[in-house]
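Structure first, then comments.
The values are calculated or read from the model by the stated rules, or taken from the named source; none is laboratory data. Note that the structure is predicted; figures quoted are calculated from it, not measured. A quick note on method: Cβ atoms are made from the backbone with ideal geometry, for glycine too, and the neighbour counts reach across all protein chains shown. For accessibility, only protein heavy atoms count, side chains too; no ligands or nucleic acids. Shrake-Rupley method; radii C 1.70, N 1.55, O 1.52, S 1.80 Å.
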Amino acid sequence: MKRLIYCFLIGLLLWPGIQLHTQAQNNPYKINDSLYAEYKEVLKFRSTPEAVRMAEALYEKARKMGDKKAECIALTVPVNAFFYGNDSAKLGEAVRRLQQVSRANGYLQYYYFAYNNHIYWHLNHNLSLRALNLAQKMQKQAEKDKNDYGVYNCLKAQGYIYYARRDLDTSIRFHEEALN
């Protein structure tokens, strides 16, 4: 009888831990584990056109499963894929789509991730005025959203833009503001 009671008590002690373990996701993004495994597979092809098609399939699967964060994460792949290319139109389309989905799903960090990539693409292609205009729009939106991540990234981006333009005093000012 003591043994039965002992086993019952141990079972009660372990049961909450088992329950919590099954509810949590076992990946850094806290998305469905099967979607995370597929996302890691997509990343192996990230620099190929195949990655965009695979990411679209992952997005559809996440949508059907109702995993809104995984939808956003899947759409980061095309943004990254087009970031390393020369097609501004495809990058712009991927950025707008990720921004629309992330805002609708309530994951603004991906909205600002997309904005940030768009800014740096323009800066890397010697389009600093366009990059600066985007960064200023991003700053207005981030302040409106009261999103610290967005504000920090747009200030940092503006610091890099002014650095690229050889305006070091303004660059330092933006970097210091980002740090604050």
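A few remarks follow.
- Taking the longest Cα principal axis of the chain as reference, the axis of helix 168-179 is set at about 20 degrees.
- The helix-based estimate of mean residue ellipticity at 222 nm for the chain, built from -39,500 (n - 2.57) per DSSP H run of four or more residues and divided by its residue count, is -27500 deg cm²/dmol to the nearest 500.
- For the chain, the longest principal axis of the alpha carbon atoms and the long axis of helix 2-23 meet at an angle near 20°.
- Net charge dipole, the chain: roughly 320 debye, given to the nearest 20, about the Cα centre with Cβ charges of +1 for Lys and Arg and -1 for Asp and Glu.
- Distance cut-off 23 Å, percentage of C-alpha pairs in the chain lying past it: 52 percent
- Listed pairs 64/140; 90/137; 44/69 exceeding 22 Å between Cα atoms: 64/140
- Dipole axis of region 57-180 (+1 Lys, Arg; -1 Asp, Glu on Cβ), positive-most option in 94, 174, 66: 66
- With all protein chains in place and a 1.4 Å probe, the accessible surface of the chain carries 56 percent carbon and sulfur.
- Convex hull of region 79-138 built on C-alpha atoms - directionally averaged projected area, nm²: 3.6 nm²
- Eligible aspartates and glutamates near residue 156 by straight Cα distance, threshold 19 Å, same-chain separation 8 or greater: 143, 145, 148, 167, 169, 176, 177
- Compared with the dominant Cα axis of the chain, that is its longest principal axis, helix 108-124 is turned about 30°.
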